[in-house]
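Working notes for the structure below.
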Amino acid sequence: MQIQTDKLSLYFFSAIFLSSLLTPIFRLIALRFNILDVPSQGHKTHSSPIPYLGGASVISTTLILSFLFATEYRIFSQNYLFYLVVLVIPSCLAVIGLFDDLRNTDFKVRLFLQFSLSLFSAFLLTRFGLLGEPSGFLELDYLVTVLWLVGIPNAFNFLDNLDGSAAGVAVISAASLGIVAIVGGQNLIATLAFVLSGSTLGFLFWNLNPARIYLGDFGSLFIGALMAILILQLEPPSVNQSPFASWFFGISLMAIPILDTTLVVCSRIRRGVSIFQGGRDHISHRLIALGWTRRNVAFLIWATVSVYCVIGFYIIQSYELVSLALMVFFCASWIGLLLFFLFLEVRSEHMEPNQKY
């Protein structure tokens with residue numbers, strides 16, 4: 001199936017328009033029904049209640065345009081399993097997030113439901129050959145797929161701790177995924193990636209600091225799950241034909257969400273606190289403690305994501321030696337950032353109490 005570039009552009013800009021139109025509507029609905037993020041906990045950094053349901057505009061736009069696309073190209077019958085995994089599973093995970101936004105569900109219940117969905121999704125992906133770059137070992141593919149589908153949505157949820165942070169990362173990483181999918185001739189993945197990127201960009205206009213609406217777990221889990229599944233199904237066109245290069249590209253798109261989650265988990269384990277409780281120990285909080293403004297921190301996170309996406313692109317588009325060097329640089333820089341932010345935390349413990357972040 002061939003899709004013209006102007007058609008992809010049409011879906012992308014339609015997603016921006018529709019999402020930016022729906023976001024203020026869902027904001028009014030959230031205000032009307034008191035669906036608000038109230039700063040009643042110590043780790044909250046905003047001073048007044050902010051409406052949730054921003055994720056509803058992203059999800060609605062993505063589903064509407066995906067349905068129109070599937071109808072236009074008559075691909076439901078040939079690719080029903082693809083659409084089941086790519087759209088239904090993230091939507092189910094989003095519902096779990098919505099309950100958490102409304103009722104603040106126990107993390108054990110939420111994690112159990114996420115694992116159940118991930119097990120089912122991994123079965124479909126591995127059993128029916130929907131993985132873009134399988135390892136060749138079914139058990140290993142299944143295990144990695146489950147961990148990826150649990151980890152990435154939660155990583156996006158963790159990253160959604162600063163105005164514009166998670167949404168901006170989604171715009172950049174989804175667009176990068178779409179570009180590579182076009183080059184590889186995977187037009188279904190390309191279209192969905194651009195629709196997601198445009199949907200999130202339309203929402204981002206309302207989410208920049210000072211944010212007028214939040215994604216909520218409803219939106220962040222949907223975006224993370226959809227990105228995770230699209231990456232798993234992507235088969236990047238690698239010059240050196242190395243599966244490692246292809247895997248690194250997927251990881252490069254998620255480098256910052258994974259970094260933030262790893263940082264928080266390591267920090268909380270070191271301090272002996274639950275990794276599931278809230279806290280001001282994310283990348284954004286540490287940079288703000290250094291004197292950065294919230295908006296500049298968001299811009300820095302976006303810039304870093306863009307750099308890692310570019311590195312990932314050159315990893316798959318370079319010959320073996322250069323690709324290997326870039327993979328080493330990727331790992332070294334990522335570990336360096338992790339150690340830097342952990343050092344900031346250790347250093348803060350030796351400051352005066354009023355100096356700590």
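At pLDDT 95 or above and either within 30 Å of Ile288 (Cα to Cα) or outside any helix (DSSP H, G or I) (or both): does that describe Ala193? Answer is no for this residue. The requirement of being in contact (Cβ under 8 Å) with a residue 40 or more places away in the chain and out of contact with any Asp or Glu (no Cβ under 6 Å at 6 or more places or on another chain) is satisfied by Leu188.
Checked against (1) of a type outside the set (S, T, N, Q); (2) modelled with pLDDT under 85; (3) farther than 22 Å from Lys7 by Cβ, Leu53 passes all but condition (2).
For Ala303, the criteria (1) closer than 19 Å to Leu204 by Cβ; (2) touching a Leu at 6+ places or on another chain (Cβ under 8 Å); (3) without any contact (Cβ under 8 Å) to a residue 40 or more places away in the chain hold in every case but one, which is (2).
In region 309-325, the qualifying residues are those that are in a helix (DSSP H, G or I) and over 23 Å from the mean Cα position of the chain (by Cα), and the one that is nearest to Ser173 (Cα to Cα) is Gln317.
Every condition in (1) touching a residue at least 60 places away in the same chain (Cβ under 8 Å); (2) closer than 17 Å to Ile231 by Cα; (3) of a type outside the set (Phe, Trp, Tyr) is met by Ala174 except one, and the failing one is (1). Taking Ala225, is it surrounded by fewer than 22 Cβ atoms within 10 Å (Cβ to Cβ) and of a type in the set (A, V, I, L, M, F, W, C)? Considered against the rule, which asks whether it is surrounded by fewer than 22 Cβ atoms within 10 Å (Cβ to Cβ) and of a type in the set (A, V, I, L, M, F, W, C), Ala225 comes out as no.
Residues in region 106-126 that are closer than 16 Å to Pro153 by Cβ and crowded, with 16+ Cβ neighbours inside 10 Å: Arg110, Leu113, Gln114, Leu117, Ser118, Ser121, Ala122, Leu125.
Within region 253-281, the residues that satisfy the criterion of being assigned to a helix (DSSP H, G or I), under 24 Å from Pro39 (Cα atoms) and either in contact (Cβ under 8 Å) with a residue 24 or more places away in the chain or in contact with an Asp or Glu (Cβ under 8 Å, 6 or more places away or on another chain) (or both) are Pro257, Asp260, Thr261, Leu263, Val264, Ser267, Arg268. Screening the candidates Ile25, Ile29, Ile16, Ile59 for the property of being at negative phi, modelled with pLDDT of 80 or more and touching a Phe, Trp or Tyr at 6+ places or on another chain (Cβ under 7 Å) yields one hit, Ile59. Do we find a residue being outside any loop (DSSP other than H, G, I, E, B), free of Cβ contacts under 8 Å to residues at least 40 places away in the same chain and surrounded by fewer than 24 Cβ atoms within 10 Å (Cβ to Cβ) anywhere in region 199-207? No, region 199-207 has no match at all.
Scanning region 59-98 for residues that are among the aromatic types (Phe, Trp, Tyr) and surrounded by fewer than 16 Cβ atoms within 10 Å (Cβ to Cβ) returns Phe67, Phe76, Tyr80.
Of all the residues that make up region 23-40, how many are in contact (Cβ under 8 Å) with a residue 40 or more places away in the chain and either of a type in the set (A, V, I, L, M, F, W, C) or in a loop (DSSP other than H, G, I, E, B) (or both)?
3
For region 138-147, state whether one or more residues are in contact with a helix residue (DSSP H, G or I) (Cβ under 8 Å, 6 or more places away or on another chain), assigned to a helix (DSSP H, G or I), surrounded by 19 or more Cβ atoms within 10 Å (Cβ to Cβ) and in contact (Cβ under 8 Å) with a residue 24 or more places away in the chain. Taking every residue of region 138-147 in turn, at least one turns out to be in contact with a helix residue (DSSP H, G or I) (Cβ under 8 Å, 6 or more places away or on another chain), assigned to a helix (DSSP H, G or I), surrounded by 19 or more Cβ atoms within 10 Å (Cβ to Cβ) and in contact (Cβ under 8 Å) with a residue 24 or more places away in the chain.
The values are calculated or read from the model by the stated rules, or taken from the named source; none is laboratory data. Here the structure is a predicted model, which is why all the values come from computation and not from measurement. Ideal geometry is used to build each Cβ from the backbone, glycine not excepted, and the neighbour counts take in all protein chains shown.
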